[in-house]
Amino acid sequence: MEAEKVNYIVIDKRNNYEVDEEENYKNLNNYKKIYEKAKQCVNYKNRIENINKNLLEMMNQKNFRKILGEIENIINERREI
C-alpha cells in the first residue's frame, strides 16, 4: 500500500451517524485505476488463452486449415490499418 495511507471515515452510530474522523489522501491512492487497467489486461489474456485452447482442440478437424487461414487473414487485415 502506498505508504499505508488509506482513505477512511469513522462514524459514530450513537450520534446519528455523525462523522467522528475522516482522512482523505486524494490522489495518493490509485488502487481503483490500477485495478481497472489490470482487470482489462487479465480479461484479454484469458480470452486469448481460451481461443488458443479451442484451436488446439480443433486441430484434428478436417476444415481446420480453412479456419486457421481465415483467422490469419483477419489478423493480417487488422495489422494493415
Using alpha carbons only, how many degrees (0 to 90, rounded to 10) separate the axis of helix 64-80 from the longest principal axis of the chain? 60
Cα-only radius of gyration and Dmax that characterise the chain, units Å: 24.9, 74
What relative contact order, as a whole-number percentage, does the chain give when Cα pairs under 8 Å and 6 or more residues apart are counted? 18
Using amide H atoms built 1.01 Å from N in the peptide plane, name the residues 5+ places from residue 11, or on other chains, whose amide H lies under 5 Å from its own. 20
Additional length obtainable on full extension of the chain from residue 50 to residue 9, 0.36 nm per residue less Cα span: 10.5 nm
For residue 32, which lysines qualify as cross-link partners when the Cα separation must be under 19 Å and same-chain residues fewer than eight apart are set aside? 5
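Just so you know, all these numbers are worked out from the coordinates, no wet-lab data involved. Just so it is clear, the model here is predicted, and its values are computed rather than measured.
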